[in-house]
Every structure is written in C-alpha cells, then in structure tokens.
1. Just to be sure I follow: if Rg is taken over the C-alpha atoms of the protein assembly as shown and Rh is the Kirkwood radius over the same atoms, what is Rg/Rh?
2. Hey, with R₀ at 30 Å, roughly what FRET efficiency would D:Glu331 and D:Asp110 work out to, going by the Cβ-Cβ distance, to 0.05?
3. 7 Å from Cα along Cα→Cβ at both C:Asp23 and C:Glu312: what's the point-to-point distance in nm?
4. Based on alpha-carbon centroids, what's the gap between region D:65-118 and region D:286-306 in Å, whole number please?
5. Within region B:11-43, which GluC sites (Glu not before Pro) sit in a loop by DSSP and count at most 15 neighbouring Cβ atoms inside 10 Å?
6. State which entries of A:Lys102/C:Lys102; C:Lys203/C:Lys229; B:Lys102/C:Lys273; A:Lys237/D:Lys102; D:Lys102/D:Lys203 exceed 30 angstrom in Cα-Cα distance in the structure shown.
7. Under a point-charge model restricted to the Cβ atoms of Lys and Arg (+1) and Asp and Glu (-1), what is the dipole moment magnitude of chain C relative to its Cα centre, in debye to the nearest 20?
8. Test of understanding: express the Cα radius of gyration of region B:169-276 as a ratio to 2.2 N^0.38 Å, with N the residue count.
Number of protein chains: 4
Amino acid sequence: MRRSFASDNNAPIAPEILQAIVDANAGDAVGYGEDDWTARAIETFKTHFGQQTEVYLTFNGTGANVAALSSLLQPWETVLTPATAHLQTDECGALERFSGSKVMPIATGDGKLRPGDIRPYLHAGHDVHFPQPRAISISQATELGDVYELDELRELCAFAHERGLILHVDGARIANAAVALGATLRQTTTDCGVDVLSFGGTKNGLMLGEAICFFNPQLHAGAAPFVQKQSMQLASKMRYLSAQLEALLTDDRWSRYAAHANAMAQRLYERVKSLRGVRITRPVRCNAVFATLTRAAIERIQREFFFYVFDEALPEVRWMTHWATTELDVEEFALCVERALNVSA
Amino acid sequence: MRRSFASDNNAPIAPEILQAIVDANAGDAVGYGEDDWTARAIETFKTHFGQQTEVYLTFNGTGANVAALSSLLQPWETVLTPATAHLQTDECGALERFSGSKVMPIATGDGKLRPGDIRPYLHAGHDVHFPQPRAISISQATELGDVYELDELRELCAFAHERGLILHVDGARIANAAVALGATLRQTTTDCGVDVLSFGGTKNGLMLGEAICFFNPQLHAGAAPFVQKQSMQLASKMRYLSAQLEALLTDDRWSRYAAHANAMAQRLYERVKSLRGVRITRPVRCNAVFATLTRAAIERIQREFFFYVFDEALPEVRWMTHWATTELDVEEFALCVERALNVSA
Amino acid sequence: MRRSFASDNNAPIAPEILQAIVDANAGDAVGYGEDDWTARAIETFKTHFGQQTEVYLTFNGTGANVAALSSLLQPWETVLTPATAHLQTDECGALERFSGSKVMPIATGDGKLRPGDIRPYLHAGHDVHFPQPRAISISQATELGDVYELDELRELCAFAHERGLILHVDGARIANAAVALGATLRQTTTDCGVDVLSFGGTKNGLMLGEAICFFNPQLHAGAAPFVQKQSMQLASKMRYLSAQLEALLTDDRWSRYAAHANAMAQRLYERVKSLRGVRITRPVRCNAVFATLTRAAIERIQREFFFYVFDEALPEVRWMTHWATTELDVEEFALCVERALNVSA
Amino acid sequence: MRRSFASDNNAPIAPEILQAIVDANAGDAVGYGEDDWTARAIETFKTHFGQQTEVYLTFNGTGANVAALSSLLQPWETVLTPATAHLQTDECGALERFSGSKVMPIATGDGKLRPGDIRPYLHAGHDVHFPQPRAISISQATELGDVYELDELRELCAFAHERGLILHVDGARIANAAVALGATLRQTTTDCGVDVLSFGGTKNGLMLGEAICFFNPQLHAGAAPFVQKQSMQLASKMRYLSAQLEALLTDDRWSRYAAHANAMAQRLYERVKSLRGVRITRPVRCNAVFATLTRAAIERIQREFFFYVFDEALPEVRWMTHWATTELDVEEFALCVERALNVSA
C-alpha cells in the first residue's frame, strides 16, 4: 500500500512483540486468563503501576474504555469528557448502548479538559431528574496530539476526588504522553491520582491488546470481571494478548517505541513547519502533526501517502507517525509535501 | 502446564496460521478492514459459502453471536435456542445486555432443537405483550459433541422460513461438524438454508478470530457494520485476523485441523469406551467425549491432565481434543484413565 | 361493550377510589412525590408492611416489576422465574431491554416455583461465563389463579436467602392471594421473608397505580429512586396515584374488593363445575377460573361475553372476575355457558 | 401547600377533564387501548393533525419522548438536541438506557436550535466510527419559555429532511406554543413538516397522559406498538388516559387552558418587569417568566410561594403559570415580590 501517515494503528507489529507471540505458542494453555503468560503480564503491570493495580485485558481500545467505565458507572450516572474524546466521537455510541450511561461532551478550546470547563456540569444534590456526574474521562495523549502536564493531571484528579468523581484516562497513547513528559508510566497516572486507565498496546507496536488498569479496585466493587466477559472482551486464548503486553512493558519497549514515534513526528514538524502554505495548528508533543494546507495540495500528497483530513471545513490534516516510521519515510513525505505545495502554488 | 483435554481453545496456534500472521506483518496497512488481507479473506469466504455472502470479522465467539443476532433482531424480538446453547449458558447474558432481546431457552433431550420443540413457543399474531420470536439459534457441532444431520438442518431451516424466522448457526465448531458430516462448509450451511453463521476460527487453530457470514445480507438491512463497531468487535489492525482466517480457509486447513481433532476424539473414545467404570454418555461425532466416572477417578486424572467436569451432579466429564492433540497424548491420557479407575476400584 | 370475564383490568374504577382522585384535586401540589398525598400513602404502606418499608410508585405492573428488579440486579445477574410468569410472557422483554439482565424461565407443572425446580439453575462459584443467579421472582397469586401457601412462601424465602438470592413477588394480585390465604398483607409478604413486592392496584379497583415495596431497602443501595425515574415511571402529578393507593389500603378496601372478586370466581366455579362439557383445569383459589370446553362452545359464549382463550392448543379458557362483577353477571354468564354447551352438544 | 409558581405540573386536574374521567367510569372495557374511548381519542387526534396521524398514548412526557425516539432510531444513531432540552437535562438518561442511542447536546444561545448550530454535527458518509445523526429533537415551547416561529420550524424541518433527518418535537407545552403563535395545532406541527410529536397533556390540565403522534408512520416501520409496550408505557386501563386526551382536544379546551396560562404569565410579566431589582431574562411568550433577582429576595418570596431557582449561579428564577392560576394569584405573587425587593433593598 501507499505508506501511511494516517494512524499509529496502520503500523505493523514490532518484531520483539511478534516474537513474544511466537514464543507463547508452546503447547496447551488454560483459557480465559488462567495461564502463565497472563499471570506474568499482570505482575509486570503491577511493577509499573503499583501492587494495588488490578488488570483486565481487552481486545481493543473501545472495549477498554467501555468495559472500564461500565464497571464504574450506574446507568443513570454520566461521564464528562471533552467533545473531542474518542469515547464521544469514534466509538459509535458503544458506551451508551452497552451500559446505558449518558456521555456528557464538554466543548474545549484545545481538547484538554480543565476544572473550569467541568464546573458548570456539576449539580449539587441528588435530584433524580438530572443524570448524575460520576466520572471524568480524558485522553492522554489528547486526541489533538497534545499532553496534559503532570500538574494539570494532579489538579484534575484532585478536583474530581473532592467531588466524589472518578478520573479515567483513555491511554490509547499513554506511552507517547509519558515519553513526552519525561515521566514513568506510574508518574503519569497513579502518582497523579488517576483512578483507572485504558492502557493502549495496539497503537504502540502490538498486533492487538489493551489493558484496563484499576488503581483503586474497590471502585468497581467486583463488577470488572463480569463486565469484561459480558462486553465480549474476554479472550479465550488470552495468553497471546498477555505475551504481547508483557513484552511491551519489558526492557523499556513501551518507551522506546513511543519515543521513536514522537521523534519522527517532531522531525516531520521541523521539516514542514516553515513551508509556505503549511500552517501547523496544534502543539506537536507526541506522534501527531496537525496542519492546514490547500485542498489541492492535500489531494496531491494523498496520491502517494495515506492520511486523513481531520477537519474538512478548514481543511486540517492529521499526520501520524509510529514505532516503524523511518527517517527516510519522513524525508520522502516532507519532499512530497513540498512538491505538492509548489505545484499548487 | 498439564496437557489439556479441557477445550479446543486451550490449543496453541497452528504453525501455518502463525506463519500467516508473520507474513501479514509487512509494512503499513489501513485499519478497520480496508486492507488487502481482509479483501482476500472475504473473497475466500465467498468462494466457500457463495458470492452473496457478507462477512464481518469479530474477536471472539461471543462477539460473533451477539453481533450477528443484534444485527437481525429488534429488542422486542426473541431468539429461540436450546437451553444448552453457548448463547444461553456461557456468554454471561451479553446478548440481552447489548441488544435487549430476550433469549428463549428450550429444553431438549440431547441438545438438538427440532421443530416439535419450537412449536409451543410460537404464538400466532403480533400481540405486543409477548416477546416476538424472530430467530432460531443452534450450535453446529452441538454443545454436546453431536451434529445435526443435513436433513435435520434442512428441515429446521424450512420450518423457520415458513414462519418468517431466521436460522442462525453458532459455528464455533462448524468445521468439526462439516468433517463429521463428510460435507463442505457450503453444504453444511447455505445449501441447507442457514441464514447466518458465526464461523469459528479460534477453536480450530487460530490465535483468535471469528467471522459472521450473512447468507441473506438483506436481512440485516445495513445494520451489521454499525453493530460490529458498536459491539466493540471491529479490529483496528484487522489484517491479522483476516490473514489467519484466509489461511484457515485455504488448502483445506479448516478440514484437516478439524478432521484431526475429530479423529483424536474417536481414538480416545475407542480406547476408553470399554473400560470398566467409564460410561460414554453422548454420541462421539466431533472432538468431544462425554463420560461419567467416579469422583475419585476424576480427581486422580485431573492431577495429570486438565479438563472440566461438565455436570457436577452425575458427575459427567467432557474431554476435548484439538488440532494439536497427538496420538501419544491420547494414549497417555487413556492410560491415566485406566490407572485412575484401577486405583479407585 | 360486552361484559368482560377477560381480566380484572377490564374493570372500572371503584367509586371510593374515584372519590379519592376527586378529593385530591385541591389546588396546587409539588410534583414528583413531594406532596402530602404521597407522604400519607407511604405512611399507609408502612402501617401495613412494617416501618422499614421503602415505597416507590409506578404507573403499571410491568413498570413495577422492571423497576424493582432493575434496582436489585446487575446486568450480568439473572432472575429465576416460572416460565408462566408475567415477567417472562407478558412484558415484551422489558426487563432485558431496560436492565440487560437475563430472565431465566423455569418450567413448572402448575405455575408454582419450588426449591427443587430452582436447584438445577444454581451454579457454585462465580465463574464469569454463566449469568449469575441473583433473584427469584414469583407471582402471588400465580398466573394460573392459584396461591403459594404461607409455608411454601417461607420455604422459598429461606431457600433463597441461604443462597444469597433475593425473593421478589409480583403482587399484581397480592390482595386476592392474601384474602385466599386468610392472611394480612404483612403476613403474606414480609413475615414470610419476601424482600421486595410489586404491589398491584390497577387490578384491584384503581384507575392505575402500583407500588414497589422494598422490605430490605439496603438491597437496592440507593438505586431505586434513579431507576424509578430512568424507567419512565416517575409521575409528575404523583398525588393522583398516591391518593388511590392510600384509599385502597384504608378501611380494608383492598381486601373487600379482592374478597368480592374471589367470591365471584368461586360462585362461577360452583355454577359451571358440573356442567357436562366443561372441565375445570386449575384450583380456583382467587379470581380466575380455568376450564376446557369445545371451540364451538367458546365461540358461542364469546358472542355475548369477552374473555381470552388461554391455551389455544387445548383449548383452555381463563374466566376472571373483579371487584365489580355482580352475582347477576355470574348467573348470566353461567347460563350463557350452559346454552352454548347445549347447542354444541 | 404554598401556592406554586414552580411548574405547570403542580396544577390540579381541570374540572372538565376530571369529569371526562368520571364519565369514562362506565362498566367494563377491554384493556390496552381496545376500547371505545381510545378509538375516539385517536379519531380526535386525526381531526386535529391529519388522517395520516398514528397515535400512541404514554403515561408521562419522558415516556413519550423516549418511546417516540426509540421507535425511530437505531442504537447507533443519534438525536441532536439543544443542550437545554428536557431530553438531555431532565430525563435521567432514559433514552440512552432504554434505546442505547447517543444524545448529542448542542449549545445554543437561547435554547432554540437553528440549522447553523446543527451543521457542524453532521458528517458526510456512513463511517461506522461516528454515531450517525438521525433525528433532531426540539422543544416547542422551548424550555426557556420561548417559541419557534412557524417559519423557523419550516426551515428546520426542511433542513432536516434534505439531510435525511427526522424532526421530533417535544410538545410538553405544544398548546402554549400554538396559542402564542396564534396557530392551530396542525399549523404548528404537520404543516411545518414535523415528523413526530410528543403531545403534552399533563402540563395542560390533565391528571396524566401524553400522546406520541407520528405524522409519517412509515418512519417507525412497525416498531411503535412494541416500543410503547416494552418501554412500560402501555396502560392497561387506557380508557382513562384516552378520555382525558379526547376531552382536552374537544371544545378548544387545549387552547383555552393554554391561553389562560400564557395570559397569566404575561400579566405577571407586566406586573414585575419594571420593579427595581428584577431583571427579566427571556422573552415571555408562553407560560413562564424568567428573571434574576437577589438571593435574599428569592428566599423571602419562597416562604410564601413555591418555585424553582433555574440557574443557581446568577441566580435566575423560573416562574410558571398554568390553567388554574388566577389573576388574584398573580397579584398576590407580584405583591410578595415587591415586598421582598423592598425589604432586601
């Protein structure tokens, strides 16, 4: 295919992860997580996030978000989230259908939710008419390629906890965020007060596999294993998800892959930021570059590379890099952009 | 681990399938099924089942059953199924929660549903009080290791269609059934009048991957792609599911794996059927042997091999074989059974 | 219309109840239950059932059953109920759709559930695959016109509680049952160990109005008021439901109306039981008579009176009486039956 | 109680409506809408709205909105509505829980949705990730006491239909709106292109009762009767809802009651608009007056009259009138406001 700057889920499996799958293919193993690989993977998660962590694997990111929140919310409780959240825009209403809970989208300037954005949505008392706010869900990294700083996260967690709310992080790109912050996974999550994390593997080199990490397991009150099953996320041959996640969390692979993806985006940004006809529209902190350019130029570039127009109205494009993007890919892509701009000009 | 005669989902990935994963790991690919592997897999399904077939991949069997039926049933419509169906007993109520539809379990003597079993559940007219029967779901092979004969299937499909009902087959072990019947996949399904099939891959040598096959796509009226997504079953890196399924459906692998599994069950059956203290309780048509023996004997065997007690009350055990079960495994297992019986006696 | 022996919900409003509506029509009142009539109605329920009782009014019986059980069950938990239960056969799958919980119908000979019927549906442990039994729901009076004796109720409650299960009573006709048992409402419910009751008003002389009575309110853990609202059962002008229910529970109206209805059924039974061509098929304990007679006879009677054929296959009819059925109605009906039988014979 | 300026649902039943209930209390009637009163009520709706209209009665407004939209939307389809809509803020997420569909709240300046507000929420194509817009729901009168002009309605309907969207009107106060517009019910709805209406009775003098009016019945494709039942909105003794609605739609009662309520709000507005310390915050078109005044003044008035603070932050109050509000009530309320302001000043 044309090379892709469309999404980190267009990437192949990282060789070390693929090797972990191959290595796991050794004889029989009990299904549904009662295997050694899963036990080791869970142990590895605990090493990273703290011994109190409870881990439930899921097939994909939508499954992780929906199963995490469904374990925590009653159907009359709501989750407050930026209007740009994957949960709101890209999961086809899976949470509403599966759990019945209302998702409350909040408009933000830059895709980052701050206490001041949330306050108007909190009602005092327990009037039964209004759906009850119960959780805040943010994406880290954000859907717009940015990150919450650690003190922003701490502030948001404190704000939530003071009001009896749960703080959920959609961490489809948590590794990219941690790398951008120069922090460990634990510093980026539990140490800030995050209650529950959808840990992303698929966008960071895995074939597939995500993990819900409950840092305060009592919050789900025993619901999580049933929700994992009932949400159709319980893998029978779970060892193959577990082996990948264990490998990712071993030998700093999670940060190496993410650091590379981030660096490639930075490189692309440096290459195109001064091009006449390109306007970079968002901070480049992780593995995405957002930019506006002419429709004609976009179409030319898309003949050679695959990527999405993020906002048709402007138009604004999103260019994403991943663990396997090479410097050569970036250079060729940048050259292609230059050519397209020159022709269009 | 102890070798497993517990379930065909305890098996590893068949080497040819694993190779297909490795081969698919070639550069970027568009996500969510817009890739070449998925196109080829779908083409392969059509070759087997007919050009009119529409295919939607899912992660697991519960996902396949729930997404298939949710694409076809309104929430006030019901699916009639044997009380022993996986849908009824092993999916944690996923269909009810996701689609709202009632599952109507029907008691059967042997796990096979026949027109006479169904008739009392069909009400004339369209009274709004009673949940409306809309589909019949059967497992082929059955949950008890048996198969519906082709004329039984034809009769059931005709019975359904005459009453405006849809015939769904949970084919987690459709390959084992087809092999047992000496029939092609198409003869076992579309040719009998089956409307929709949950085609099983995981239990027949895959790492993971199932496929919903609609043989009358107009029945879902455009719902299926949205249901696939909303039920959290749409894989982003779908090529890795597709590559496995394509490989399984190529070079008769599906039937070779299933034939081997069936043969190993037959071999086990031959080895233990005459042992004093063992009573074989069900026909051995596919890859399962059901038997009663003493609790003491069961416990002894379980020290060396992993398997489930299917019915604690009797107790009745289920011994399953799979693509990777060897003749030596069977022999050692049989010897172990013999020893356990001798000690217990 | 033709006079009805079809259902107690074909009856008009009892004059004393209608007067209570008229009396409640006095000026403004705060909505959603914050009014004096509702406060008094709740107090009256407590007088009958005990001070620990928590009461939530609903519009209809399906609403009461669904809101009661949805307050108590997680979506992966099931309710065990006779296959003949209103919940199973006449609520169009409302519980499944609203709460996601599976309803587990259990075949019974006579519509009464006994511990032995339930036992095979209880699984040890907390395996996530199998929907988890959490509640037992029975109808008192039963859907077949019979009643559970007090010791049967006590046994069933004890059986449930020993296994951590909740005992719910669909009491659409609880008054008829209490009268048949010669017991108070409290003796028929709380004193036997019932945990939650759908108290029926509509079938006992009201325009509309039912009440969920939680005798162990901690079981719903605060869910009930939200469920009442979210299930669309929270009346804005609630005083008019409350006034009716208060009136029903005052001056023994509940038992007078039910006793009259029961007596009329008994009278009808005595009149027709010896008629050649009529076979009474069920015990006549409350306000229903079940009988088989020829199709020709049924059609003749239906020209003059309205009633339902309960089981088309036999055919078996259900004749119901209510608070307003007169001795003359019964006599004319019985004469009509006689005539129909003579003509048919 | 203190007299209420809190809500039109604090009003009693209008005497003519109560008489209709009394008149309907005549002997037996078949349940679930198969009675003469319901037939006549439906005929009356058709007279007002057109012969093509299909009518389904519900108990309350939340039931009407949820059953109407659930009959029209697939679970992966969304309804776009003002962020202030009752559907979004006051129904406890009932639609999400019952139907699974996402509600998409749109911020508006004044509670009125216009094409320009909606456009950003419409996506081209049928990408499965994004919940698919399928309906627009507006309140007429709006939740802020205003009305859509007829040409605004026509524009919105045309905008919707050009895009394949359904236009739903939450008409809890449709009568107040029609009166404010000097239009008939038909001119206010079908003639503008409205597809489906939740017709409000409870807030316009009824004890309880609303009606879903489908003006293009083919849109629900047969779903509506099942949804009415499954959403627990099907009254067994339906004649008593029907009789009220028939009475309301006869002899111009619907418009007389609404005109009176509107006039009382206008009268209150005239009385208080010039008071020092009161600021009227919204147009007074129907039966609500919104105003800001000091917290101290609010508290003083609330000692004598019951009403709600609509927006605690400002604070802004909502004063509502209804069919039974008298000129004397308004005068005494206005005097009370004056006194409170004088004391506070």
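The values are calculated or read from the model by the stated rules, or taken from the named source; none is laboratory data. Since the structure is predicted, the reported quantities are computational estimates derived from the model, not experimental observations. As a convention, Cβ positions derive from the backbone with ideal geometry for all residues, glycine included, and neighbour counts pool all protein chains shown. Calculation scope for accessible area: heavy atoms of the full protein, side chains included, ligands and nucleic acids excluded. Shrake-Rupley method; radii C 1.70, N 1.55, O 1.52, S 1.80 Å.
1. 0.98
2. It comes out at approximately 0.50.
3. Going from the C:Asp23 label point to the C:Glu312 one covers 4.7 nm.
4. 30
5. Values: sites: B:Glu16, B:Glu34, B:Glu43; in loops: B:Glu34.
Hits after loop and neighbour filter: B:Glu34.
6. Working: A:Lys102/C:Lys102 23 Å; C:Lys203/C:Lys229 23 Å; B:Lys102/C:Lys273 39 Å; A:Lys237/D:Lys102 33 Å; D:Lys102/D:Lys203 27 Å.
Beyond 30 Å between Cα atoms: B:Lys102/C:Lys273; A:Lys237/D:Lys102.
7. Here the size comes out at about 720 debye.
8. This ratio for region B:169-276 stands at 1.25.
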